[in-house]
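The values are calculated or read from the model by the stated rules, or taken from the named source; none is laboratory data. All values derive from a computational prediction rather than experimental measurement. Using ideal geometry, Cβ is built from the backbone for each residue, glycine included, and neighbour counts are taken over all protein chains shown. Just so you know, the surface numbers come from the protein's heavy atoms only, side chains and all, with ligands and any DNA or RNA stripped out. Shrake-Rupley method; radii C 1.70, N 1.55, O 1.52, S 1.80 Å.
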Amino acid sequence: MFPDEGSCADFLITLRWPNGFICQQCKKTSEPWRQTHKRLVCPHCRYQTTVTAGTIFDKTRTALTTWLEAAWHITTAKNGMSAQTIEKTLGIRYRVAWTMLQRFRVAMVRAEREQLSGIVEIDETLIGGVERGGKRGRGSKKSVVVIAIELLQPKGFGRIRMRFIPDASSDSLTSFITDVIQAGSTIHTDGWLGYNAVKLLGYNHKVTVISSSDDQAHVSMPGVHQIASLLKRWILGTHQGSFSTNHLQSYLEEYTFRFNRRTSKSRGLIFRRLLEQAVATSPITEKDVTNGYNWKET
Ligand SMILES: [Zn+2]
């Protein structure tokens, strides 16, 4: 469908301005003049822009055909693709593959802004613990991830959200909850004190106390338990278990985007959705790509 730069640019223009090109300068809608594939000129005020300026593709030196091919693989491969696999599949440098993947992951977050609602199960899990080289125990470090999942009636799971938090304190947990869950929803947690404020924040709170002596978390928290094990398996399988905590949230966002679209029959639609978000997301800096994105600002 996208054999050259022109067809890719046309596609992105339609996604970015579905109701016609709007000039950033004079705010008028028009049919822009095309100087090159990407470069557009407003016929009213002569303001020049490109379809990629101000988006995650900002200032990219990578061909749009490569970007779209990467997006296609990311959205159609059942478990997604690591930067190494994209590097090999597309025959590009590792750094380019990594940069594209990180930018797409930031765009994925934008697609998940709608809050969860209904009955939502919440619990924390520990991710990691095996350093590069397989060293265990001392020197290993686990990261706390809080998971929320909608429980459907009479059965089944809805959407999920996840966040890498510094600790399982009340502050960390309640700020996650108020960000991602609609007030009035019913929140199901274990008896951990960190969840005590939930009722005051306008949620119904169902507590199931799990005694530490028997491992019944998978029985009383079936949703979170399943997501946690799928997530760990995905990190282990697709990413060989190695990740830097700077980038953990970006993996969580990718997993969430993929999981929340698991029942979608059209891969093409998911591809389109990702690119729609990509042209609506502000540029990501080199620092974000290298050291980790500042997710708090999204
Ligand atoms: Zn203009």
### Message
Can you find a residue that is under 23 Å from Thr174 (Cα atoms), open to solvent by less than 20 Å² (accessible area, probe 1.4 Å) and part of a helix (DSSP H, G or I) anywhere in region 211-220?
### Response
no
### Query
Any residue at all in region 82-99 that is over 20 Å from Arg273 (Cβ atoms), within 16 Å of the ligand (Cβ to nearest atom) and either charged (D, E, K, R) or assigned to a helix (DSSP H, G or I) (or both)?
no
### Message
Taking the criterion of being in contact with a Leu (Cβ under 9 Å, 6 or more places away or on another chain), open to solvent by less than 40 Å² (accessible area, probe 1.4 Å) and at pLDDT 90 or above, would at least one residue in region 199-207 satisfy it?
### Response
no
#### Entry: Selection within region 159-187 - open to solvent by less than 10 Å² (accessible area, probe 1.4 Å), farther than 14 Å from Leu252 by Cβ and part of a strand (DSSP E or B)
Ile181, Ile187
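Here is a yes/no grid of residues against (1) under 23 Å from the mean Cα position of the chain (by Cα); (2) over 30 Å from His247 (Cα atoms); (3) open to solvent by less than 80 Å² (accessible area, probe 1.4 Å):
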residue: Lys28; (1), (2), (3): no, yes, no
residue: Thr49; (1), (2), (3): no, yes, yes
residue: Thr66; (1), (2), (3): yes, no, yes
residue: Ala83; (1), (2), (3): yes, no, yes
### Task
Considering only residues that are out of contact with any helix residue (DSSP H, G or I) (no Cβ under 6 Å at 6 or more places or on another chain) and not in a helix (DSSP H, G or I), look in region 188-198 and name the one that is farthest from Glu253 (Cα to Cα).
Gly191
### Query
If you take the residues of region 252-298 that are of a type in the set (Lys, Arg) and touching a residue at least 60 places away in the same chain (Cβ under 8 Å), which of them is surrounded by the fewest Cβ atoms within 10 Å (Cβ to Cβ)?
Arg267
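Hey, among the residues in region 39-71 that are small (Gly, Ala, Ser) and touching a residue at least 40 places away in the same chain (Cβ under 8 Å), which one's farthest from the ligand (Cβ to nearest atom)? Explain how you work it out, then say what you get.
Step one: list which residues in region 39-71 are small (Gly, Ala, Ser), which gives 53-54, 63, 70-71.
Narrowing the set further to residues that are touching a residue at least 40 places away in the same chain (Cβ under 8 Å) leaves 54, 63, 71.
Working: Gly54: 15, Ala63: 28, Ala71: 30 Å.
Residue satisfying both the conditions and the ranking: Ala71.
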### Subset of region 21-38 [more than 8 Å from the ligand (Cβ to nearest atom) and either over 24 Å from Ala63 (Cα atoms) or touching a residue at least 60 places away in the same chain (Cβ under 8 Å) (or both)]
Ile22, Thr29, Glu31
